[in-house]
1. What's the extension gain from Ala170 to Ala65 if we count 0.36 nm per residue and subtract their Cα-Cα distance?
2. Show the residues, 5+ positions off or on another chain, whose built amide H is closer than 5 Å to the amide H of Lys71.
3. Pulled fully out, how much extra length does the chain show between Tyr14 and Val46, if you take 0.36 nm times their separation in residues and subtract their Cα-Cα distance?
4. Restricting attention to region 1-44, which trypsin sites (Lys or Arg not before Pro) occupy a DSSP loop and are surrounded by at most 14 other Cβ atoms within 10 Å?
Amino acid sequence: MIEALRKMIQRLHYPLEVMLVCVRWYAAYPLILRHIEEMMAERGVVVDHATVHRWSIKILPVLTAVFRRRKRPVGTNSRRAGDDHRRQERCQHGGHRGHARRLRRRHRAAPVEIPRQHRRAGPPGQRIVRLMVGFKSFRCASILIAGVETMHMIKKGQLDRPKAHVSTAASQFYSLVF
């Protein structure tokens, strides 16, 4: 188990499995904290929505850091240096002006309420973030959105693991801890 989580668990009253399930549900699905509170109550675990939020703020940065270390390496760039030179020449001659204009128009209509650096999460991330409208600070928002992005990357199969080993996104999420 990760040393940072081990220190945190010594002070908490709930088992780690309960905390991880709540944090995974919050990062993986478009749920609000009160939904998670109700779902846990149906399973016989009484937990407050504010507690789930505190767990998320404490656990997600640790898991995100572990994921970054275990992320599958990106392939090498197969373009040659001459390709970039030809592309620059085409741009200088106006071949891509229309495309650049369309991109500028499209990005002007981007939602204002989501900070620019968090739009990288794409439509799935924006859908989840819209439900998390109660961000009190930028620090909390960046931690939670990084956790959502991490879960999204796990679902896309970007965690480095043996090719023959097939596992669910949930088991890959838990493998970051154990």
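Nothing in this text is a laboratory measurement; each read-out follows from the coordinates by a stated rule. Because the structure is predicted, anything quoted here is derived from the model rather than measured. A quick note on method: Cβ atoms are made from the backbone with ideal geometry, for glycine too, and the neighbour counts reach across all protein chains shown.
1. Details: separation 105, 0.36 × 105 = 37.80 nm, distance 1.74 nm.
Length difference between fully extended and current span is 36.1 nm.
2. So Lys71 has HN proximity to Asp160.
3. So the extension gain works out to 10.5 nm.
4. Values: sites: Arg6, Lys7, Arg11, Arg24, Arg34, Arg43; in loops: Arg11, Arg43.
Passing both the DSSP loop test and the Cβ count: Arg11, Arg43.
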